[in-house]
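The values are calculated or read from the model by the stated rules, or taken from the named source; none is laboratory data. As the structure is a computational prediction, the values presented were derived from the model and not from experiment. Cβ coordinates were reconstructed from backbone atoms using ideal geometry, including for glycine residues, and neighbour counts include every protein chain displayed. Please note that ligands, DNA and RNA were not included when accessible areas were found on the heavy atoms of the full protein model with its side chains. Shrake-Rupley method; radii C 1.70, N 1.55, O 1.52, S 1.80 Å.
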Protein chains: 4
Amino acid sequence: MDVVEIVPTFEQYAFTFGGVAPFRRITPGTALRLWSDDAFCGVLRSTKDLASEKVDLRFVNPQTGPFYVEGAEPGDTLALHFVAMEPARDWGASAAIPFFGGLTSTDRVATLQDPLPDTTWIYELDRARNTVTFAAQHSDLSVELPVEPMLGTVGVAPPGGEVRSSLVPERFGGNMDTPQMRPGTTCFLGVNVEGALFSIGDGHYRQGEGEACGTAVEGAMTTTLIVELIKGRAPAWPRLEDDAHWMTVGSSRPLEDAWRIGQVELVRWFGELYGLHPMDAYQLLSQITEAPIANVVDANYSAVLKARKSLLPAASAYGGLHAELRQRAATL
Amino acid sequence: MDVVEIVPTFEQYAFTFGGVAPFRRITPGTALRLWSDDAFCGVLRSTKDLASEKVDLRFVNPQTGPFYVEGAEPGDTLALHFVAMEPARDWGASAAIPFFGGLTSTDRVATLQDPLPDTTWIYELDRARNTVTFAAQHSDLSVELPVEPMLGTVGVAPPGGEVRSSLVPERFGGNMDTPQMRPGTTCFLGVNVEGALFSIGDGHYRQGEGEACGTAVEGAMTTTLIVELIKGRAPAWPRLEDDAHWMTVGSSRPLEDAWRIGQVELVRWFGELYGLHPMDAYQLLSQITEAPIANVVDANYSAVLKARKSLLPAASAYGGLHAELRQRAATL
Amino acid sequence: MDVVEIVPTFEQYAFTFGGVAPFRRITPGTALRLWSDDAFCGVLRSTKDLASEKVDLRFVNPQTGPFYVEGAEPGDTLALHFVAMEPARDWGASAAIPFFGGLTSTDRVATLQDPLPDTTWIYELDRARNTVTFAAQHSDLSVELPVEPMLGTVGVAPPGGEVRSSLVPERFGGNMDTPQMRPGTTCFLGVNVEGALFSIGDGHYRQGEGEACGTAVEGAMTTTLIVELIKGRAPAWPRLEDDAHWMTVGSSRPLEDAWRIGQVELVRWFGELYGLHPMDAYQLLSQITEAPIANVVDANYSAVLKARKSLLPAASAYGGLHAELRQRAATL
Amino acid sequence: MDVVEIVPTFEQYAFTFGGVAPFRRITPGTALRLWSDDAFCGVLRSTKDLASEKVDLRFVNPQTGPFYVEGAEPGDTLALHFVAMEPARDWGASAAIPFFGGLTSTDRVATLQDPLPDTTWIYELDRARNTVTFAAQHSDLSVELPVEPMLGTVGVAPPGGEVRSSLVPERFGGNMDTPQMRPGTTCFLGVNVEGALFSIGDGHYRQGEGEACGTAVEGAMTTTLIVELIKGRAPAWPRLEDDAHWMTVGSSRPLEDAWRIGQVELVRWFGELYGLHPMDAYQLLSQITEAPIANVVDANYSAVLKARKSLLPAASAYGGLHAELRQRAATL
């Protein structure tokens, strides 16, 4: 199986979902190996590079794409199976951007207080040990942390002619910022426009749940994925599957609405998977769901809802596509 | 080490935090073995017992206690180390109570819609296999699930003379409904009144994160715990420690505020544990925190914030009390 | 008609709804003339008196009461008709209390930022002109504003044995902080305990909607009111009536839930007043409701929902009690 | 002064802010007389026309425009002064669209409940009496209500290349759904793209605050307005001025964030108008702001913050442009 390699130039970065001409047309079944820049377009390279001076929040999370998937029509389901994610630089960066993040007032949670001190942290990557190192800036501590690569941003073009910033998580995916978007995961997204027009970006060498300060260990990434198309059956909100879990992602504000969206979508999926009445799915999920917060910092907040397969009878979604993609991935 | 056994009568149940005379006075260091009734006071015993007919939401989550801890004063820290939790009946119950839960309108999320169908599920306990069985009521599926006992409700009397229903999670603990409140966990609570006046209840044979429908597998429980007192050093919000994690619990509405509270409390705790400046703790926790939602159904919503010890340098809280209590627990 | 005059001593102040022994027993029909201290218990007397040094947030909004109303039983409706409110001092005070208010982080909207500067403003009262004067503290401006007296806090004891701080607005009334609680208004509250146990306090010489900084022009007040009792018919949430409007008050978090609560209660009331189906009341109110925010700063946020009587056919609530009380008030 | 008359054809309707080619280029100072269709594109014409059958929520609030204002650049301020709004049909329509509105679960406030009954109300217009008549559908009541025309939707193209549905209220204006957008009001909007690209639509013959059911008395409208341009000085969020009030509009979720945004913008404006320090503006506004909720039903919720000019020293904004536009309007 061939893999199409793509490394975009800066001029080819996309900063929105929708509103951008297709970068490349591909057929379902294609494997891609995509380079993506970090959320800051690579401008934070030392602790002296401050976000307030170098980062323009209208142009972050540069996307690699969008890809036009031949045959994809509104109402179809796009499946993206992530095979591998490899750090593409030897360092990652994180920053406390003024008035951005979860433990500060923002342009939405508007207060009259001063911002927190603009601070940048650089995480050196040790490829041999597969770690990045946190080095405190205002105090004295250094901690080596395992690399756990993931993508903050995976999405398709929105419906209704909308165009949304790559800072936004929504029904169309986007900047969900969940550690679940990692190698081994298949992401199912409803197609809203012809060709689906998906893109990826915002690689994280690691991230805590909630992404408290608004930025992860942001790093350029090389992502290998396989693209598939299912006719019809578009989920209302993003669904994820890995070997261990059925998952959904809800994104809205306040955070309880993100949770409600994701939990209802999982109830709906359980109806399909197990033939369960919504009330029974609601009950069963009340006893088995795991509910990690994804982010509380983006334009919408995101919550992940997970059901562990090992607790449940065998079932398969979309004709067992995830298992099949796992096999195909092994041949790359 | 002796263990004080207590089985309250129905008349001895407490339904509030604060406002109740001490049930028993104990000294720090005491081990207790407490029987607690289920959230419904045991009235839902078959699928024909409906919550709308049998349950009065003003009198749920019956508490065993409150216990007056000798020497406890406002500003002190109460430590409750949970040694064991054993189902005290051979079945648990769960219910979709009309206008109560996360995927329905409620008295707060007020709409004009009809309620969901009032439904009760009974979970039979298999002690040999250590499982409870979900049996669908509106469709056809049966799933055997592992018993993972926990307490929904652990709290002390509130400050300022307030008295709160045992349905409420707050700064004083209470109905946090997190699966983290399980054997092996030490819970640290700030003391607000002389004697602390803590109580426990609302045993769950298992619960998913979020407690979507508003009720877990509710069951009578026998809980063994050790009570300790630390002079001063009251945390602002509940802190939990087990062998693997540092944890905090925030409770408020909307859910992002619960998250903010817990995340700030963990920043504060990391300042104590590692001497970190708040900005550095904020950054480090952004990359390592796990953030499971506890509940989105109670009078306040709750979020748990967890940091995995194995990622961090060695540290000890409250003079290493948790480790010491683990050892004492082994001798019971 | 006699008026019972009451001026409590400091020791007689109540700081909670519920949990306090009756201050006085009265019969329905009694007229009271009550002195109440300001929210700060009178300790902020000059711009040099800072809240961080002098105010303990556990003991603010001192209540005059509670009054035990003979014959009042759970399920009954207490009617409080406000006849007059007169400033009882020659100055009011307002303050930007650190980490309290709407445009700052708080213990709930928790961030890592520094607090706003602790500032006190004193408003001199000009009785002849019936004005208070705003004098800028950090800049140079002085503005004379009309006195529009109101009570921040009017409530009864909560149900279920709860005791709540006088900072809390809830189903039982409490610290709703709406300018609608003024002379000429009748407030209807559901009775939860025998005797109702109502109290009042937190006089404001004037207040904007939202009470943005968390404090109004706080002032000691002399309030004249008539107390009546309606058997049964308890509203779920506070209802207000004046000559011009039907009103309800919802209190919760987030603010949209406060709005939902109040709007549903007004739909319910319109069912009683006009025999309207809920869908028709919903539609009609969508076109005529006024919806001023009351506060976004208390333990719960509050919204007021108002329908102008002049737009509607004649109707009367509770047997026309408001009109009757207006007449009785004229005889005092 | 000439007035340019425009009546778009159906094919010329815009359904987004941004993403649409200019409908017409105009110079600052132009007066326009614009016909706009109702929110439903005129398809609900009798109570038998149901929204679930006839309305596609991706294509509502058809916009008349967008207009390219010569010379407008990012950072400039667009001023739209509304001179007159006249109902363009003899009836208006309102509907309880399934899973849309404030007292129902929605795609965001997701629950498992059934929708409310899909119902349409038609309001006949009496031009002589200047009223519309509410006629109950599920019960028996008829109420004649004054026509108070307003526009739900007024906005410019968003920044950052975004394109947003005309259902969305945001920083760029849009579907704010406030009764303040009426004849006599000047609306100031920050310009984000060359030409500003403003449009209007969603006429309401009247609307309550909150727009509870999600739809007002929706009606085709003929709107006369004067367009002006101020170089630079773009407000962060929409500002409104009429003869009596300084106003701002915040839009976000949860509703308290919409309030915070608007209140901070008014603090900022008061700094410009009166030279006030933010803390003093915060204090003064705490005592005088009126805070009507605009809507709790759109993609974002909106709150209006108003300060009454008669309470304040004389001041003028943007060089007294509003007063000048009032004079110009009188000459049309």
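Structure notes:
- Odd one out for residue D:99, checked against (1) open to solvent by 40 Å² or more (accessible area, probe 1.4 Å); (2) free of Cβ contacts under 8 Å to residues at least 12 places away in the same chain; (3) out of contact with any strand residue (DSSP E or B) (no Cβ under 9 Å at 6 or more places or on another chain): (2)
- Candidate set: region B:247-267, residues that are touching a residue at least 40 places away in the same chain (Cβ under 8 Å) and among the charged types (D, E, K, R); chosen: the one nearest to the other protein chains (Cβ to nearest Cβ): B:253
- Qualifying residue in region D:69-78 (condition: open to solvent by 20 Å² or more (accessible area, probe 1.4 Å) and over 21 Å from residue D:195 (Cβ atoms)): no
- Those residues of region C:279-298 which are of a type outside the set (Asp, Glu), in contact with a strand residue (DSSP E or B) (Cβ under 7 Å, 6 or more places away or on another chain) and either outside any helix (DSSP H, G or I) or open to solvent by 10 Å² or more (accessible area, probe 1.4 Å) (or both), in sequence order: C:289, C:291, C:292, C:293, C:294, C:295, C:296
- Condition check for residue D:244: within 20 Å of residue C:308 (Cβ to Cβ) and facing another protein chain (nearest Cβ under 8 Å): no
- Residue in region A:258-267 that is of a type in the set (Asp, Glu), open to solvent by less than 10 Å² (accessible area, probe 1.4 Å), within 28 Å of residue A:315 (Cβ to Cβ) and modelled with pLDDT of 95 or more present: yes
- Taken over region C:305-322, the criterion of being surrounded by fewer than 17 Cβ atoms within 10 Å (Cβ to Cβ), in contact with a helix residue (DSSP H, G or I) (Cβ under 8 Å, 6 or more places away or on another chain) and among the small types (Gly, Ala, Ser) is satisfied by C:315, C:316.
- Residue match in region A:246-258 (condition: part of a helix (DSSP H, G or I) and of a type in the set (A, V, I, L, M)): yes
- Here D:86, D:124, D:144 are screened, and the one residue that is within 11 Å of chain C (Cβ to nearest Cβ), open to solvent by 40 Å² or more (accessible area, probe 1.4 Å), in contact with a strand residue (DSSP E or B) (Cβ under 7 Å, 6 or more places away or on another chain) and assigned to a strand (DSSP E or B) is D:144.
- Candidate set: region B:218-248, residues that are within 14 Å of the chain's Cα centre (by Cα) and within 18 Å of residue B:159 (Cα to Cα); chosen: the one surrounded by the fewest Cβ atoms within 10 Å (Cβ to Cβ): B:239
- Candidates D:180, D:137: the one that is away from every other protein chain (no Cβ under 11 Å), polar (S, T, N, Q) and in a loop (DSSP other than H, G, I, E, B) is D:180.
- Taken over region D:25-43, the criterion of being more than 21 Å from residue D:85 (Cα to Cα) and either in contact (Cβ under 8 Å) with a residue 60 or more places away in the chain or not in a loop (DSSP other than H, G, I, E, B) (or both) is satisfied by D:25 alone.
Matching residues to (1) closer than 18 Å to residue C:250 by Cα; (2) of a type in the set (S, T, N, Q); (3) modelled with pLDDT under 95:
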site: C:147; (1), (2), (3): no, no, no
site: C:209; (1), (2), (3): yes, no, no
site: C:215; (1), (2), (3): no, yes, no
site: C:218; (1), (2), (3): no, no, no
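- Being modelled with pLDDT of 95 or more and within 11 Å of chain C (Cβ to nearest Cβ) is true of residue D:104.
- Out of D:106, D:16, sole residue that is buried (at least 23 other Cβ atoms within 10 Å of the Cβ) and within 27 Å of residue A:163 (Cβ to Cβ): D:16
- Matching residues in region A:1-18 - criterion: being more than 24 Å from residue A:59 (Cα to Cα) and among the acidic types (Asp, Glu): A:2, A:5
- Within region B:269-300, considering residues that are touching a Phe, Trp or Tyr at 6+ places or on another chain (Cβ under 9 Å) and more than 7 Å from chain A (Cβ to nearest Cβ), the one nearest to residue C:112 (Cα to Cα): B:278
- Flag for residue A:153 being under 17 Å from the mean Cα position of the chain (by Cα), in a strand (DSSP E or B) and either buried (at least 17 other Cβ atoms within 10 Å of the Cβ) or of a type outside the set (Lys, Arg) (or both): yes
- Filter result for residue B:197 (more than 13 Å from the chain's Cα centre (by Cα), at the interface with another protein chain (Cβ under 10 Å from one of its Cβ atoms) and either in a strand (DSSP E or B) or surrounded by fewer than 19 Cβ atoms within 10 Å (Cβ to Cβ) (or both)): no
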